[in-house]
Amino acid sequence: MMSQMIQFYHYYFDYPMTIVFDSNFEVQIQNMKRGKMREIEIETSSSVLIRRIDGMSSHRKYYMLLFFFLANLVFIFSNIFGPPFFHSETIPFDKNSAISNTRKFVIKIGDFNFLNDFIAIDLILMRQFASEEISVIIESAMTILSHKGKRYETLYQSPSIRYNTTFPHLSTVSNKIRLYTRSIVDFVFLESNIVLKFPTSETLSGVFVITYNDTTHSIIEVLIRLIFFFAGIGSFFYLFSIDKKSVSNPMQLQIIQFLIMLLIISSNPLYVLAYFTESLVFSLFDVSVSIIFILAVAASFSIILDMSHTRKERITPFWIFIEILPFLVTAFLYLSNEYITHYLMYKNEDSSGNSMILSILRYLRSIAAAVCFIIIMISMALSYSINKQETKIYIFMVLLTFIICFIFETYGSISHIVPSAHEIQIFTFASVATFLFFFAYMNWPISHDIASDDSESASYDPGDFDFSDGIDE
């Protein structure tokens, strides 16, 4: 048995009293008389591990928050000033001066490699004067040849396909027409032969837009995945080796261990296999586990907070199911939207017939995500901890992570360019994974000796704890 002593003056208690805290600190107020110095002894057992946050001084907590902020700042600057996710090349064409309403184009682009990941060819039409909204029907036939070494292969060949595009009200630019998309880049050069047939001899001008993934961004994404993959494996096996009976928060550690396992799966290096196959399996699996991981972190965080003010006998499987139900609904909406858009775009099918369903799903998932955020904020407000700074730390971390993820997914969304396999941005994933590791660090079990060495004066700083809770004057 190891004990530590903290002495200070107190004038309110004139009888022996014992207060037991959740982190296994036993506070004994010894026999005293009113008006005399009261001696409070904090006894801790060296056999029971405590949470790291309960053994940290205030200064160490502020340093931890600073590191958390700087890590997310790196993600923000990398997203803004780093290599872009995609490159777009534009090939404009003018109105045809000839009488014929049929035009043929030959587009040659090259210097590709497998890290370019995808390629998309779009058409945008332009009219000379802005007027009322009108619809234009054009026909397109195309043949795409790939150059591999010294030979050409036919990648894609389509007969005449009718496209209905719209010029919005008072706009000279039409909606985008997706002519071709491919989920892998297994060629060096690409040659596209496109024939466009306009409804009248008064043809329109326009521009072809060729979009593909940036190679440098792909390398950065793989490196980020590898970093979290190996960090997750190390953390998982360390938590697995800890005797859960010797810690003060065994259930919380089991939840964190489960989240780290999900992190390992969602950051898997096998993601690179999606660069070499057109199969939906790898890309759909990757984005699905990313969605599940992010919502699992949110749900687990809410559960851990609610456990702090819930009686142990009430924490049942049904209680846990009710806790995670809003997050399960949100996951279902995101995955449903993901499957539909993924399937339609990769199959080059017209999504107009499903546009209403997709719009409803996007609207519902936004509402569901907002509800989940509100639930987390309520859980933080109701949570109980003897460590007064803990809730403030959680509020800062949650708000910062939410704001960053919202910015990445709203203003950095590329779902209008490529299939939604890239719906979850890599920096969104990195921000949530960073939140998980810092949350795990705060709940990391340490011995009392390490906690005592953390700060000479404030392993158990009286200012960090609320001694008035539950004490009647």
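Each reported figure results from applying straightforward, stated rules to the coordinates on display, with no laboratory input. Treat the numbers as computed from the prediction; the structure is a model and nothing was measured. A quick note on method: Cβ atoms are made from the backbone with ideal geometry, for glycine too, and the neighbour counts reach across all protein chains shown.
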Item to check | Whole-Hz couplings from phi, Karplus 6.51/-1.76/1.60, listed for segment 178-190; x for Gly and Pro | outcome: 7, 8, 7, 8, 9, 8, 9, 10, 10, 9, 9, 10, 10
Next on the checklist: Over all directions, how big on average is the projection of the convex hull of the alpha-carbon atoms in segment 157-243, in square nanometres?
Outcome noted: 11.7
Checklist entry - Ranked from highest to lowest mean number of other Cβ atoms within 10 Å per residue, what is the order of the peptides 321-333, 67-79, 104-116? => result 321-333, 67-79, 104-116
Checklist entry - Which chymotrypsin sites (Phe, Trp or Tyr not before Pro) in segment 132-218 pass both tests, a DSSP loop state and at most 16 other beta-carbon atoms within 10 Å? => result none
Checklist outcome for this item: For segment 87-213, one quarter of the surface area of the C-alpha convex hull, expressed in nm², comes to 8.0
